[in-house]
Amino acid sequence: MKYEFGTIEPKWQKKWQESGAFRAVNGDPSRETFYGLVEFPYPSGNGLHVGHARPYTALDVVSRKRRMEGYNVLFPMGWDAFGLPTENFAIQNKIHPTEVTRRNVAFFKSQLQSLGYSFDWDREINTTDPNYYTWTQWIFQQLFKKGLAYKKQMPVNWCTSCKCVLANEEVVNGVCERSGSEVVRKEKSQWMLKITEYAERLINDLDDVDFIERVKVQQKNWIGRSTGAEVDFKTTQGDTLTVYTTRPDTLFGATYMVISPEHPYIEAWADKLTNMDEIRDYIAQAAKKSDFERTEMAKDKTGVKLAGVSAINPVNGKEIPIFISDYVLMGYGTGAIMAVPAHDTRDWDFAKKFDLPIIEVVAGGNVMEEAFTDTETGKMVNSDFLDGLEVSEAKVKIIEWLSEKGIGKQKVNYKLRDWVFSRQRYWGEPIPLVYCEKCGWVPVPEDQLPVTLPEVDSYEPTDNGESPLAAMTDWVKTTCPHCGGEASRETDTMPQWAGSSWYFLRYIDPNCTTALASKEALDQWSPVDWYNGGMEHTTLHLLYSRFWHKFLYDIGVVPTKEPYKKRTSHGMILGENGEKMSKSRGNVINPNDIIAEFGADTMRLYIMFIGDFEKAASWQSESVKGCKRFLDRVWNLAENATEGEEYSPAHESIIHKTIQKVSEDIENVKFNTAIAAMMALLNELAATGANKGEVKTLLKLLSPFAPHMTEELWEMLGGEGLLSLAAWPTFDPEKTKDDAVEIAVQICGKLRERVMIPTDADDDTVVKIACETEKVKAALETGKIVKAIVVKNKLVNLIIK
């Protein structure tokens, strides 16, 4: 019988679905639970690519192993279907976004099913389903009621292509993360979420979770906690400019100040400033730049001095000039900085350009030639009462002095900004609030949720920055839930990140109508045991979802303060030429083509064998063929298996070792070495022939990686029930040990020989065997052993004098 994957794979996919083999059970106290999660995809019209297949296959392997170990496994899948790509496709092709989403989901789902993933499809969710986004809107309303959602006029990132506002996290290298288009600054009234309220907890609680270190570091760096001081600088107009600095010890070196072009004091001082036209021209130019362009270190330093108003350095009373410069952002800190050019490269460049004083305050460099920035330690100079102190001592003393004078205080600060939440597009969750001239912003009553999207003639974004919904006057006009008067619906929609900030909770109880999930189900399944996703989502989705979860914990909705126990990340699959896959490079691998030629099991096996899971790996077509040959050899081994269920003495040791190796490697995401161990076992079994019991154990180990073929062979060998639900094999630690091990023989610490000894041999036996080697015999002709040091199963060191 030939291995016909084209017939075998659909057969078992149908059997798994019909039998409910992968169905998670709510309310089952008899089994330990395991919740494995992968990032649900945006259902692109292009369908599945190998970038999806790598993480999905990995967590499917883990989930299948857990199921065989007797766990009640929840491994769900759904669709992150709101957002710009669908809307843009709908605009271009004149198809309603709902229909685009339906078609794309059907295609994407068929691809996932063709790979044999053990998803519980009974729990499938879709962020565009009103039954789902009812609860997205409900969460937003709770945030609003607690003061964590607010509307604010502010400078925002405006994508010139998408024609909508972007969060800071969505602007990468000065362009839109999604479209690659130019991002400029605009003033707009925006809904904001106060994620900064959770900054400290978002850092501290990373200590309680099992995230890979680079994820933790990236989140901590993005949140950007620092300890310093707020310092008040008086101005010659009597106003106060407050700055935040991590280096209050360098105040005596502050020779000028810089404020943001958007700072409100500029207009307040307009009648005192003699160069207001020049200032306004500069402000207009700054408004055209993104935050990235404005803060880029390598760019030319630009600015305008405020002629007519100066600041006063609080530690020495000296007047210092104030400049506006676009590298200072109003949304970061206070919108004003003190500049210490002797010890900051950007300040030094600026000072040189505008011929400003440079005063050394930490000894050690030649500040006339370049900024001396190695100042974490060192002695203070030119700093009055701080002179001679170490930097660490000076920081403490200056904060005490500022506090005593009432002109400063110690402060913990964060780089993290509040989340810009509004989008001026159609295809997103409507924000469930109305505006009443009398009552202000009022939530839509909960029994009227969801607020659904109206049918519109055009989804085109508007050039004036308003959402397409703003033109739907019949939908916009409504009544105020408080006073019954006239009111208008909010016409901005939520960002794509909204639905993905809590989706893992809905999988737990997807049909619940009274809450986002029942308390009993949340208690049973929370938190997610293992979540795998891309590093690119560390400062977007992962941070946002941790924030929402902590809020839901605070209001008593969820039972845990963190949503995920464990987070792993995978490396990218590159083209055969080692470059990122793209249509323009012609190196894209279509999973459908691989499945058609080699079968889903070969695709799954290769994607796990391709290399270190956490690192990038290049696709190699020849290696795909090698994986297919391995499966063919397993098939042949099974067809020729002899009768017998017990391991033969010749195979017992390697089988137990392989069970241990594969079991441990799956848990440690070392899928490639697990497969290598099974290949070695196959070679051993094929060399001498194997009985059915031995082959069945190999099939169990291989089942999570190649589930279709192993099910077929399990059935052929008379295995009971579904292999996917059979018991995972166990190993005897005693049988994983070799009878003999090789150890090093040293003489006075220097390696002389390597010998084989019985495993766990006593010291006398080890020394006796070592003394029989030629080099030790030669040494003993002129000396004797004064001491023998034995490290069990590793080495013996003979001290011969």
Original post:
Looking only at the stretch 192-217, which residues are assigned to a strand (DSSP E or B) and either buried (at least 18 other Cβ atoms within 10 Å of the Cβ) or modelled with pLDDT under 95 (or both)?
Top reply: MET192, LEU193, PHE211
Subject >> Test for VAL50: is it touching a strand residue (DSSP E or B) at 6+ places or on another chain (Cβ under 6 Å), surrounded by 15 or more Cβ atoms within 10 Å (Cβ to Cβ), farther than 22 Å from TYR503 by Cβ and in contact (Cβ under 8 Å) with a residue 60 or more places away in the chain >> reply: yes
Original post:
Which ones in the stretch 459-469 are in contact (Cβ under 8 Å) with a residue 24 or more places away in the chain and open to solvent by 60 Å² or more (accessible area, probe 1.4 Å)?
Top reply: GLU460, ASP463, GLU466
Original post:
Condition test on GLY388, is it modelled with pLDDT under 95 and either open to solvent by less than 60 Å² (accessible area, probe 1.4 Å) or not polar (S, T, N, Q) (or both)?
Top reply: no
Original post:
Can you spot a residue in the stretch 528-538 that is open to solvent by 10 Å² or more (accessible area, probe 1.4 Å), aliphatic (A, V, I, L, M) and in contact (Cβ under 8 Å) with a residue 12 or more places away in the chain?
Top reply: yes
**OP:** For the stretch 121-141, name all the residues that are out of contact with any Phe, Trp or Tyr (no Cβ under 6 Å at 6 or more places or on another chain), more than 23 Å from PRO445 (Cβ to Cβ) and open to solvent by less than 30 Å² (accessible area, probe 1.4 Å).
**Re:** TRP121
Subject >> The lone exception for GLN13 - which of (1) surrounded by 15 or more Cβ atoms within 10 Å (Cβ to Cβ); (2) more than 32 Å from the chain's Cα centre (by Cα); (3) at pLDDT 95 or above it fails >> reply: (2)
Original post:
When both residues are 6+ apart or on different chains and their Cβ atoms are under 8 Å apart, which pairs have a first residue that lies in the stretch 708-724 and is closer than 12 Å to VAL634 by Cβ, and a second that is part of a loop (DSSP other than H, G, I, E, B) and among the aromatic types (Phe, Trp, Tyr)?
Top reply: MET709/TYR3
Original post:
Under the condition of being of a type in the set (Asp, Glu) and open to solvent by less than 40 Å² (accessible area, probe 1.4 Å), which residue from the stretch 474-514 is nearest to the chain's Cα centre (by Cα)?
Top reply: ASP509
Subject >> Which listed residue is over 20 Å from LEU469 (Cα atoms), at pLDDT below 95 and within 24 Å of the chain's Cα centre (by Cα), from VAL184, VAL171 >> reply: VAL171
**OP:** Test GLY578 against the criterion of being more than 24 Å from PRO704 (Cβ to Cβ), modelled with pLDDT under 95 and of a type outside the set (Lys, Arg), and give yes or no.
**Re:** yes
Original post:
Which residue out of SER403, SER422, SER467, SER458 is closer than 30 Å to GLY364 by Cβ and among the hydroxyl-bearing types (Ser, Thr, Tyr)?
Top reply: SER403
Subject >> Subset of the stretch 680-697 [outside any helix (DSSP H, G or I) and of a type in the set (S, T, N, Q)] >> reply: ASN691
Subject >> Complete set of residues in the stretch 539-583 that are without any contact (Cβ under 8 Å) to a residue 60 or more places away in the chain and under 17 Å from ASP210 (Cβ atoms) >> reply: SER545, HIS549, THR560, PRO563
Subject >> Checklist (1) of a type in the set (A, V, I, L, M, F, W, C); (2) modelled with pLDDT of 95 or more; (3) touching a strand residue (DSSP E or B) at 6+ places or on another chain (Cβ under 8 Å) applied to LEU543, failing item >> reply: (3)
Subject >> Residues within the stretch 68-77 that are over 17 Å from LEU115 (Cβ atoms) and crowded, with 22+ Cβ neighbours inside 10 Å, tallied >> reply: 2
Subject >> When residues of the stretch 281-291 are limited to those that are of a type in the set (D, E, K, R) and not in a helix (DSSP H, G or I), the one surrounded by the fewest Cβ atoms within 10 Å (Cβ to Cβ) >> reply: LYS288
Original post:
Which of the residues belonging to the stretch 753-783 are open to solvent by less than 100 Å² (accessible area, probe 1.4 Å), assigned to a helix (DSSP H, G or I) and not hydrophobic (A, V, I, L, M, F, W, C)?
Top reply: ASP763, THR765, LYS777
Original post:
Taking helices (runs of 4 or more DSSP H) that do not extend beyond the stretch 568-679, which have at least 1 residues that are open to solvent by 10 Å² or more (accessible area, probe 1.4 Å) and among the β-branched types (Val, Ile, Thr)?
Top reply: 591-598, 649-667
Original post:
Out of (1) outside any loop (DSSP other than H, G, I, E, B); (2) over 17 Å from THR57 (Cα atoms); (3) open to solvent by 10 Å² or more (accessible area, probe 1.4 Å), what's the single condition that is false for PRO559?
Top reply: (1)
Original post:
Which members of the stretch 716-752 meet the condition of being at pLDDT below 95, in a helix (DSSP H, G or I) and surrounded by 11 or more Cβ atoms within 10 Å (Cβ to Cβ)?
Top reply: LYS735, THR736
**OP:** Could you tell me which of the residues SER161, SER118 is of a type in the set (Ser, Thr, Tyr) and buried (at least 18 other Cβ atoms within 10 Å of the Cβ)?
**Re:** SER118
Original post:
Could you say whether any residue in the stretch 417-431 is surrounded by fewer than 23 Cβ atoms within 10 Å (Cβ to Cβ), modelled with pLDDT of 90 or more and of a type in the set (Ser, Thr, Tyr)?
Top reply: no
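Here's the yes/no breakdown for (1) of a type in the set (D, E, K, R); (2) in a loop (DSSP other than H, G, I, E, B); (3) more than 36 Å from the chain's Cα centre (by Cα):
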position	(1), (2), (3)
ILE359	no, yes, yes
ASN366	no, yes, yes
LYS411	yes, no, no
LEU416	no, yes, no
TYR426	no, yes, no
GLU455	yes, yes, no
ASN464	no, yes, no
Original post:
Which residues, counting only those in the stretch 428-445, are touching a residue at least 40 places away in the same chain (Cβ under 8 Å), over 20 Å from LEU193 (Cα atoms) and outside any strand (DSSP E or B)?
Top reply: GLU437, LYS438, CYS439
Subject >> Inter-residue pairs, beta-carbon under 9 Å, first farther than 16 Å from LYS194 by Cβ and in the stretch 402-424, second among the acidic types (Asp, Glu) and surrounded by 22 or more Cβ atoms within 10 Å (Cβ to Cβ), 6+ apart >> reply: ARG423/ASP492; GLN424/ASP492
Subject >> Unique match (being within 27 Å of VAL165 (Cβ to Cβ) and surrounded by fewer than 17 Cβ atoms within 10 Å (Cβ to Cβ)) among VAL451, VAL456 >> reply: VAL456
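The values are calculated or read from the model by the stated rules, or taken from the named source; none is laboratory data. Note that this is a predicted model, so its numbers are computed, not measured. Note: ideal-geometry Cβ built from the backbone for every residue, glycine included; neighbour counts use all protein chains shown. Remember, those area values only see protein heavy atoms, side chains included, never the ligands or the DNA or RNA. Shrake-Rupley method; radii C 1.70, N 1.55, O 1.52, S 1.80 Å.
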